[in-house]
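Asker: Dumping the structure here so I can ask a few things about it.
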């Protein structure tokens, strides 16, 4: 009888530990939802783990400050720890292998050089989850970029690479 109780306690402890890990992953990824939009099974494969991203809390949500993963394709989560990801900081992806990035609808600001990569690498595909206009702040004027007019992720990447040193903010 004591053995049965002992094994039951171990089983329950193991079950609770597994549920904690699953719940933690659920909270980090934000249930795969981005502003009410469910991520596809394919997109979920490319969401970084919490050890791959460094971030800080800012007014209104989270700003990603560094990516430490080794993937070449990344889907930035719309939420981290239950808070919206609203910004990508300067040089957040500068020493990474990422060449294909999906930006969630929750992001409203891309700081200068957010996706500048190391050495001769450049972004080859930039996917925006929504089709909002972005205001690119240049030295003497603001330029509005309508993401709907950028026909492919590859075209968006080319435009971003040519204008990465400017701050991008989401317009209406």
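Quick note: the coordinates plus some simple rules give every number you see, no bench work behind them. Since the structure is predicted, the reported quantities are computational estimates derived from the model, not experimental observations. Glycine gets a Cβ as well: all are built from the backbone with ideal geometry, and neighbour counts include every protein chain shown.
Asker: Would you calculate the separation in nanometres between label points at residue 141 and residue 124, each defined as 7 Å from the Cα along the Cα-to-beta-carbon direction?
Answerer: Calculated label separation equals 3.4 nm.
Asker: A further question follows. Can you figure out the FRET efficiency of residue 70 with residue 162, using R₀ = 30 Å and their beta-carbon distance, to the nearest 0.05?
Answerer: The formula returns an efficiency of 0.65 here.
Asker: Now for a separate question. Please report the antiparallel percentage of DSSP beta bridges with both residues in the stretch 62-114, rounded to the nearest 5.
Answerer: That works out to approximately 20 percent antiparallel.
Asker: Another question, then. Can you tell me the Rg and the Dmax, both Å, for the Cα atoms in the stretch 53-172?
Answerer: 13.2, 38
Asker: Report the gain in length on full extension from residue 169 to residue 95: 0.36 nm times residue separation, minus Cα-Cα distance, nm rounded to one decimal.
Answerer: Answer, rounded to one decimal: 24.3 nm.
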